[in-house]
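Since the structure comes first, as structure tokens, the remarks are kept for the end.
Read-outs: derived from the displayed coordinates by stated rules, not from any lab. These numbers were taken from a predicted model, which means no experiment stands behind them. Heads up, the Cβs are rebuilt from the backbone with ideal geometry, glycines too, and the neighbour counts pull from every protein chain shown.
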């Protein structure tokens, strides 16, 4: 009988050793992962930010915020094609924020797709008319309006460009139907770029 107990004890010990300790469950919430991702982004730690956003995306693949973060990172790294993929995918998810559309608007402007840039700038303002980007210094709704003014100007739509400028500087006016007035409008857009 002792021999059977000894064999049983050895078997139990071997089983416990082979299984090892129970893996520790990751209890980090999606919201915490997103916060860590944006914190790392704010500190220009893009590898760490990417890791957090990918982890969040795996945890909650139906939410947009992780895709938004990954898209902004790719823009910072000048990988506009990859950023475009994340913006496109994120737009199909739940809880798309103004940050998502604003980033997309800036990216489309960089790609010289001015109509698309205006569409996404307006989408961002429609979601949050007082938008500001908390993860980088100085980006706000005013930047989106200025972006629209610039986009319209580059598209040759001086009327809408002037209307966008007037949101930022109600006292400005120019005769946009002649080249001198268009030149004044261009100078005002440039002036606003330095102060907005």
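Going by alpha carbons, how many degrees (0 to 90, nearest 10) lie between the helix axis of 46-59 and the longest principal axis of the chain?
Helix 46-59 sits roughly 70 degrees off the main axis of the chain.
Return the FRET efficiency for the residue pair residue 111, residue 76: r is the Cβ-Cβ distance, R0 is 22 Å, and the value is rounded to the nearest 0.05.
On the way: r = 15 Å, r/R0 = 0.70.
Working from the Cβ atoms, E equals 0.90.
How high is the relative contact order of the chain, given as a whole-number percent (alpha carbon pairs under 8 Å, six or more residues apart)?
Numbers: 230 pairs, mean separation 21.8, N = 196.
Relative contact order, the chain: 11 percent.
Among 80, 70, 184, which one shows the biggest mean-square fluctuation in a GNM of the chain, springs joining Cα atoms closer than 10 Å?
184
Tilt of helix 2-19 relative to the longest C-alpha principal axis of the chain, in degrees (0 to 90, nearest 10)?
Helix 2-19 sits at roughly 10 degrees to that axis.
Note the angle between two axes, namely the Cα long axis of helix 114-127 and the longest principal axis of the Cα atoms of the chain, as a number of degrees from 0 to 90, rounded to the nearest 10.
70 degrees
For the modelled label position 7 Å from the Cα of residue 186 along Cα-to-Cβ, which residues of the range 121-155 have backbone nitrogen atoms closer than 13 Å?
Of the residues in the range 121-155, 153-155 have backbone N under 13 Å from the label point off residue 186.
Taking the beta-carbon count within 10 Å as an exposure proxy, list 154, 92 from fewest neighbours to most.
So the ranking, lowest neighbour count to highest, is 92, 154.
Based on alpha-carbon positions alone, could you give the equivalent ellipsoid semi-axes of the chain from the gyration tensor, as √(5λ), descending, whole Å?
Working: eigenvalues 606, 35, 31 Å².
Equivalent ellipsoid semi-axes, largest first: 55, 13, 12 Å.
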